[in-house]
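Here's the structure, in structure tokens; my notes come after.
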Amino acid sequence: MDLNLPEKSVFYGPANLWKRMLAFLLDIFVLDFFVLSIFSGMAEMVVGNTKDVLLVYKMLQQDTSQVQALTMIFTIIIMLALAYFVLLQYAVGQTAGCMLLNIYVVAQTGENKFGMPSLLQSFVRNMFIIPTIPFILLWIADPVFLFFGKRGQRLTEWLSTTMVIEKFEM
């Protein structure tokens with residue numbers, strides 16, 4: 001029996017802001033579980049189990065080897081977080097959070113034409129993860145650009161000619 005139903009149509013549009021934010025939070029939880037939980041134990045071994053910031057500061061002033069160890073741990077954490085976002089967006093166009101919410105990172109190749117982002121594009125759009133000057137300024141510039149820009153893109157997305165899209169089916 002043929003019901004003569006119309007075929008399902010699929011189209012893509014800019015992803016909702018709440019989905020983008022939720023996907024990012026889910027990604028932070030993934031990083032927290034797999035990366036920070038491992039390295040927080042290492043950092044605790046270096047500075048001890050104290051929560052007293054002044055005591056840790058004085059201890060680090062006295063022993064530069066502890067500073068070097070913490071710097072190495074911090075650098076590894078940043079590299080792993082950056083690799084998580086860059087490599088997943090480059091390889092499959094989605095992080096774990098994006099997969100759960102059915103949103104995609106794409107490169108703009110023309111008017112309403114998209115492709116997979118290059119490795120450089122993926123890196124540029126995720127530079128805000130690097131917590132040093134000048135990249136830390138993106139923590140302010142990216143949201144401002146997102147809320148006041150006309151295309152719903154962060155500054156780093158605009159610079160990398162990428163955007164986050166959502167798949168709609170009807």
Exercise. Does at least one position in the range 137-157 carry a residue that is farther than 16 Å from Val86 by Cβ, modelled with pLDDT of 85 or more and part of a strand (DSSP E or B)?
Worked result: no
For this session: Being under 13 Å from the mean Cα position of the chain (by Cα) and surrounded by fewer than 18 Cβ atoms within 10 Å (Cβ to Cβ) narrows it down to one of Asp32, Asp63, so name that one.
Result: Asp32
Problem set entry | Residue that is nearest to the chain's Cα centre (by Cα) [pool: residues in the range 70-127 that are hydroxyl-bearing (Ser, Thr, Tyr) and in a loop (DSSP other than H, G, I, E, B)] | Thr95
Exercise. Any residue in the range 40-55 that is in a helix (DSSP H, G or I) and within 21 Å of Gln94 (Cα to Cα)?
Worked result: no
Exercise. Condition test on Asn102, is it touching a residue at least 40 places away in the same chain (Cβ under 8 Å) and within 18 Å of Ala83 (Cα to Cα)?
Worked result: no
Exercise. When residues of the range 84-143 are filtered for being over 19 Å from Phe11 (Cα atoms), among the polar types (S, T, N, Q) and surrounded by 19 or more Cβ atoms within 10 Å (Cβ to Cβ), how many remain?
Worked result: 5
Exercise. Quick check, is Thr132 assigned to a strand (DSSP E or B) and out of contact with any Lys or Arg (no Cβ under 7 Å at 6 or more places or on another chain)?
Worked result: no
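Condition first: of a type in the set (Ser, Thr, Tyr) and touching a residue at least 60 places away in the same chain (Cβ under 8 Å). Now tell me which residues in the range 1-50 satisfy that.
Within the range 1-50, Ser9, Tyr12 qualify.
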Exercise. For the range 132-160, how many residues meet the condition of being within 23 Å of Met79 (Cα to Cα) and either touching an Asp or Glu at 6+ places or on another chain (Cβ under 7 Å) or touching a residue at least 24 places away in the same chain (Cβ under 8 Å) (or both)?
Worked result: 6
Exercise. Of the residues that sit in the range 144-161 and are more than 16 Å from the chain's Cα centre (by Cα) and among the small types (Gly, Ala, Ser), which one is surrounded by the most Cβ atoms within 10 Å (Cβ to Cβ)?
Worked result: Gly152
Problem set entry | Checklist (1) surrounded by fewer than 10 Cβ atoms within 10 Å (Cβ to Cβ); (2) in contact with a strand residue (DSSP E or B) (Cβ under 8 Å, 6 or more places away or on another chain); (3) of a type in the set (A, V, I, L, M, F, W, C) applied to Leu5, failing item | (2)
Exercise. Leu88 passes all but one of (1) hydrophobic (A, V, I, L, M, F, W, C); (2) under 23 Å from Arg20 (Cβ atoms); (3) touching a residue at least 24 places away in the same chain (Cβ under 8 Å); which number fails?
Worked result: (3)
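The values are calculated or read from the model by the stated rules, or taken from the named source; none is laboratory data. Please read these numbers as outputs of a predicted model, since none were measured by experiment. Note: ideal-geometry Cβ built from the backbone for every residue, glycine included; neighbour counts use all protein chains shown.
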